[in-house]
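Taking it in order: structure first as structure tokens, then the write-up.
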């Protein structure tokens with residue numbers, strides 16, 4: 001969480017904002033959703049957790065809420081400051097960190113400009129959120145952003161934010177259990193049905209948490225696309241042919257889910273993930289152990305796929 005984002009949250013009186021509870025500061029993303037400031041670690045602690053988990057390099061991203069809730073002018077400024085902080089951190093630890101930009105997606109033309117500048121600063125892509133302050137990603141003006149990112153061959157990672165379905169998941173931890181995954185699922189599918197891959201067949205798009213919910217009902221998606229008019233948007237072929245172009249991570253903690261991902265996406269589109277700081281960083285390795293992968297397939301998941309996707313130079317031998 002860059003200092004620029006913290007300062008922005010401190011200035012706000014409505015969510016997303018900083019609030020005090022029992023003498024502790026919390027980042028409140030929306031009604032019923034807040035995370036303690038202590039959860040967010042500085043670089044030294046991140047490096048210590050990486051060493052504990054046996055992780056050589058991390059790709060850092062700016063946590064929610066990003067800048068999507070701000071006035072466009074303020075959003076561009078805060079995003080620029082946050083990205084500069086991330087780029088400085090990457091430059092300070094070039095063998096341990098890579099970084100993703102945060103973008104003002106409420107202004108797609110500005111988001112393109114901010115992304116181009118962030119890439120020049122040394123960042124390796126951007127992370128966007130599953131909705132833009134309550135608006136969908138697949139609006140016509142935002143096609144400009146996705147098409148520009150595709151022309152740049154830049155990696156774009158999707159991540160949950162305060163979900164559109166929030167009122168229905170305000171119980172028993174369902175916001176984190178289901179709400180976040182539902183929001184990324186619907187966001188990714190809307191982009192598919194809007195023709196993202198028809199326009200940009202090689203678009204580099206990472207859908208986290210083992211692809212959200214999509215891998216488990218992709219057969220239903222194709223079934224209805226064949227039998228219900230309008231159930232496939234304006235796609236020329238089966239939706240699954242587009243969905244298979246996603247990249248996914250291993251944040252699941254359930255080996256059967258990752259086996260499904262392997263069958264749908266292929267081993268070359270799965271990347272090791274931790275979801276730190278919300279999940280313990282060492283929790284990702286045991287699920288790979290349970291998959292009983294060959295050495296080559298494990299290497300793909302652990303580093304080769306990410307090196308190709310994000311354009312990261314391979315680790316030096318002996319480093």
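With the cut-off at 1.5 for a/c, could you classify segment 62-102 from its C-alpha gyration tensor as rounded, prolate or oblate? Mind dumping the intermediate values first?
Details: a/c = 4.60, a/b = 2.33, b/c = 1.98.
Prolate, since a/c reaches 1.5 and a/b exceeds b/c.
How far, in nm, would the chain grow between residue 174 and residue 52 when pulled straight, counting 0.36 nm per residue and subtracting the alpha carbon separation? Please list the in-between numbers first.
Numbers: separation 122, 0.36 × 122 = 43.92 nm, distance 2.99 nm.
This chain segment gains 40.9 nm when fully extended.
Mind ordering 164-170, 1-7 by average Cβ neighbours within 10 Å, highest first? The partial results should precede the final answer.
On the way: 164-170: 15.1, 1-7: 17.7.
Descending packing order for the listed peptides: 1-7, 164-170.
Classify segment 26-117 as rounded, prolate or oblate from the Cα gyration tensor: take a ≥ b ≥ c as the square roots of its eigenvalues, call it rounded if a/c is under 1.5, otherwise prolate when a/b beats b/c and oblate if not. If you can, show how the numbers build up before the last one.
Details: a/c = 2.76, a/b = 1.34, b/c = 2.07.
The shape class here is oblate.
Among 227, 113, 269, which one shows the biggest mean-square fluctuation in a GNM of the chain, springs joining Cα atoms closer than 10 Å?
Top of the fluctuation ranking is 227.
For the chain, what does the relative contact order come out to in percent, with C-alpha contacts under 8 Å and a separation of six or more? Don't skip to the answer; put the middle values down first.
Working: 501 pairs, mean separation 38.9, N = 319.
Once divided by the residue count of the chain, the mean separation gives 12 percent.
Looking only at 71, 209, 117, which one moves most when the chain is put into a Gaussian network model with springs between Cα atoms under 10 Å?
Greatest mean-square fluctuation among the candidates belongs to 71.
Which one, 17, 120, 57, has the greatest fluctuation when you compute a Gaussian network model over the chain with C-alpha springs under 10 angstrom?
With Cα springs under 10 Å in the chain, the top fluctuation among 17, 120, 57 is at 120.
Using a 10 Å cut-off around each Cβ, can you sort 161, 102 from fewest to most neighbouring Cβ atoms? Write out the running numbers ahead of the final one.
Working: 161 27, 102 32.
Fewest to most other Cβ atoms nearby, the residues stand as 161, 102.
Sum -39500 (n - 2.57) across every DSSP H segment of at least 4 residues in the chain, then divide by the residue count to get the 222 nm mean residue ellipticity, nearest 500. Walk me through the numbers before you get to the answer.
Values: 14 runs with 130 residues, N = 319.
Here the helix-only value at 222 nm equals -11500 deg cm²/dmol.
Please report the antiparallel percentage of DSSP beta bridges with both residues in the chain, rounded to the nearest 5.
Working: 10 of 25 bridges.
Restricted to the chain, the bridges split so that about 40 percent are antiparallel.
Starting from the Cα gyration tensor of segment 20-70, take the square roots of the eigenvalues, sort them a ≥ b ≥ c, and report rounded, prolate or oblate (rounded when a/c is under 1.5, otherwise prolate if a/b is larger than b/c, else oblate). Kindly include the intermediate steps, with their values, before the conclusion.
On the way: a/c = 3.21, a/b = 1.68, b/c = 1.91.
In terms of gyration-tensor shape, oblate.
State the label only: which of [x] -0.33, -0.91, -1.35; [y] -0.32, -0.82, -1.38; [z] -0.26, -0.82, -1.57 corresponds to log10 I(q)/I(0) by the Debye sum over Cα atoms at q = 0.07, 0.12, 0.16 Å⁻¹ computed from the shown model?
Here log10 I(q)/I(0) by the Debye sum over Cα atoms at q = 0.07, 0.12, 0.16 Å⁻¹ agrees with entry [z].
Values in this text are rule-based calculations from the coordinates and carry no lab data. For clarity, every value in this text was computed on a predicted model and none was experimentally measured. All Cβ positions, even for glycine, are placed from backbone atoms using ideal geometry, and neighbour counts span all protein chains on display.
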